[in-house]
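Okay, structure first, notes after.
The values are calculated or read from the model by the stated rules, or taken from the named source; none is laboratory data. If you're wondering where the values come from, they're calculated on a predicted model, not measured in any experiment. Cβ sites come from the backbone with ideal geometry, for glycine too, and all protein chains shown count toward neighbours.
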Amino acid sequence: MRTKYFLALTVAVLLGGGMLLFANPPAGSGSISGKITYTGTPPKMKPIDMSKEPSCAKQHTTPVLTQNVTTGPGNTLQWVVVYISAGEQEAAAPSQAVRYDQKGCEYIPHVLPMLAAQELQIYNDDQTSHNIHPLAKVNSEWNKSQPPGSPPIDTKWEKPEFIPVKCNIHPWMHGYFVVLKTSHYAVSGEDGSFEIKGLPAGKYTVTAWQEQYGSQNQDVVISGSENKTANFAFKVLPY
């Protein structure tokens, strides 16, 4: 009988080199790491005009750019979700919640992975109201107002789905809730790197998802405590 692994606290930890990890790994000593790159010419991210919301604009010393295609040095891509899509049992949702912040009229982080049925807490850290509108299709769509100083919105998603979220008050605010059935996932950092730890021996399908360019898959076999490499390259367009 295969052993079930239960997810510990899910947190975002910024490591050296710009790598962003989200899932504390269960028992297992194998790992998969790599880098997300692009070929082609990426679109230029546009500066966001927040002048209509001065309380947010003053929080930024330089203009904030859109983030749907965020590039780094060496043709790398940030905010790509890399996860195990096949080869393991579904993970049980942890009791700890994941946190999503609205600060400076931005969503932080831009992309937030979580497990299906895991509690999500959405905070308003600004001095202005926000209107959170997750555009779910598989799960239930909703739209809620959150004035400044109000308690967090508590919610959860029961089914795996990539859910875009927007603010109906501030149209430049866009992000993603990525609801998964695996506890093994990571998000590429500023240098395009990622690492998924805590993998038992086995054959896995690793999927990399980027919000504008879709998904790519690779099969990886883990034997014991080895680290395997899985690099992904997305073809991008200048628009």
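How many of the residues in segment 32-43 are in a loop (DSSP other than H, G, I, E, B) and either among the acidic types (Asp, Glu) or within 21 Å of the chain's Cα centre (by Cα) (or both)?
2
For segment 179-207, which residues satisfy the criterion of being within 29 Å of Pro73 (Cβ to Cβ), of a type in the set (Gly, Ala, Ser) and outside any strand (DSSP E or B)?
Ser188, Gly189, Gly192
Picking from Met50, Met45, which residue would you name as being surrounded by 14 or more Cβ atoms within 10 Å (Cβ to Cβ) and in contact with a helix residue (DSSP H, G or I) (Cβ under 9 Å, 6 or more places away or on another chain)?
So the residue among Met50, Met45 that is surrounded by 14 or more Cβ atoms within 10 Å (Cβ to Cβ) and in contact with a helix residue (DSSP H, G or I) (Cβ under 9 Å, 6 or more places away or on another chain) is Met50.
State yes or no: is Gln78 surrounded by 12 or more Cβ atoms within 10 Å (Cβ to Cβ) and more than 30 Å from Ile222 (Cβ to Cβ)?
Here the answer is no, as Gln78 does not meet what is asked.
Condition test on Pro134, is it in contact (Cβ under 8 Å) with a residue 24 or more places away in the chain and farther than 26 Å from Tyr83 by Cα?
no
Could you look through segment 179-229, keep only residues that are small (Gly, Ala, Ser), over 12 Å from Glu88 (Cα atoms) and buried (at least 23 other Cβ atoms within 10 Å of the Cβ), and pick out the one that is farthest from the chain's Cα centre (by Cα)?
By that ranking, first place goes to Gly192.
Working carefully through the options Gly104, Gly72, Gly87, find the one that is crowded, with 17+ Cβ neighbours inside 10 Å and without any contact (Cβ under 8 Å) to a residue 60 or more places away in the chain.
Every option except Gly104 fails the conditions.
Filter segment 27-59 for residues that are within 19 Å of Phe232 (Cα to Cα) and basic (Lys, Arg) and give the result.
Lys35
Conditions tested, residue by residue: (1) among the aromatic types (Phe, Trp, Tyr); (2) assigned to a loop (DSSP other than H, G, I, E, B); (3) buried (at least 19 other Cβ atoms within 10 Å of the Cβ); (4) touching a residue at least 60 places away in the same chain (Cβ under 8 Å).
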| residue | (1), (2), (3), (4) |
| --- | --- |
| Pro94 | no, yes, yes, yes |
| Gln127 | no, yes, no, yes |
| Val138 | no, yes, no, no |
| Trp142 | yes, yes, no, no |
| Gly149 | no, yes, no, no |
| Asp154 | no, no, no, no |
| Glu158 | no, yes, no, no |
| His170 | no, yes, yes, yes |
| Phe177 | yes, no, yes, yes |
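Of (1) closer than 23 Å to Tyr204 by Cβ; (2) at pLDDT 95 or above; (3) within 17 Å of the chain's Cα centre (by Cα), Gln102 satisfies all except one. Which?
Evaluating Gln102 over (1) closer than 23 Å to Tyr204 by Cβ; (2) at pLDDT 95 or above; (3) within 17 Å of the chain's Cα centre (by Cα) leaves (1) as the failure.
Restricted to segment 213-236, and to residues that are outside any strand (DSSP E or B) and over 22 Å from Thr39 (Cβ atoms), which residue is modelled with the lowest pLDDT?
Selected residue: Gly224.
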